[in-house]
Amino acid sequence: IAEVREYLGNTLLSIQMQHADRFERGENVLTWLTSYLPLAIPPAVLLAMYEASNVEGEWGKSLHDGWTYLCMVISFFGLAIRWAVVGFDRAGTCGSHARLKEKAVLYTTGLHSLVRNPLRFANFIVILGIALSTTAWWFVLLVTVTYCLCVDRIIATEEQVLAKKFGPAYDAWARVTPKFVPNFARWRAPEGRYSFRTVLRREHNGLLLVGASYF
């Protein structure tokens, strides 16, 4: 019996180590991919802009301009989501990866009651609008895949810090709140007062970046 138990134990350990090695290899590949995939974006932008000029000739200037304005609305809607989150940030830590360890408040109301990472979601909406304005479907797909892969790595790191800092409170909130796609059925009114001054102080760069991108 002792020999059988030892054999089964060694077999189980071998299987676990094989899966761990496979997981580690997958993690290394994903890390490599997220490190170098963004380098494909700049040359892809030039090609997408070239295609956009051809589409303008096919659609006509009025229709193409209308599409661009619609994309701008999408991007500014993403900025509005950011402003709705940052305005209730009392501790000044929302979206600040470097200050996560200093974060004294776990936000679970307002937009944080719909999704655990509302700022990451808002950034995606902003970027999606800019990508759509090129009218190149492959560029939209490239940007979407690149963003999701990169932000997933960032979120995983941040959530480890938050889980360690807030413990059971974070686990209970994360268990019922989606990571990236909002669940509107879980809405809870935000706590505290909205500070437009905070938004003006911290969000002007985002507004300038979106304007420069469309220009």
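Brief remarks on what is shown
- Among the protein heavy atoms, those of THR157 account for about 70 Å² of accessible surface (1.4 Å probe, every chain in place).
- Label-point separation, LEU47 to TRP138 (7 Å along Cα→Cβ), nm: 0.5
- Amide H contacts of GLY110 (H built 1.01 Å from N, in plane; Pro and chain starts excluded): ARG188, ALA189, GLU191 sit under 5 Å, all sequence-distant by 5 or more or on other chains.
The values are calculated or read from the model by the stated rules, or taken from the named source; none is laboratory data. Quick caveat: nothing in here was measured; it's all calculated off a predicted structure. Because the Cβ atoms are built from the backbone with ideal geometry, glycine has one as well, and the counts that use them run over all protein chains shown. In case anyone asks, the SASA skips ligands and DNA or RNA and just uses the protein heavy atoms, side chains included. Shrake-Rupley method; radii C 1.70, N 1.55, O 1.52, S 1.80 Å.
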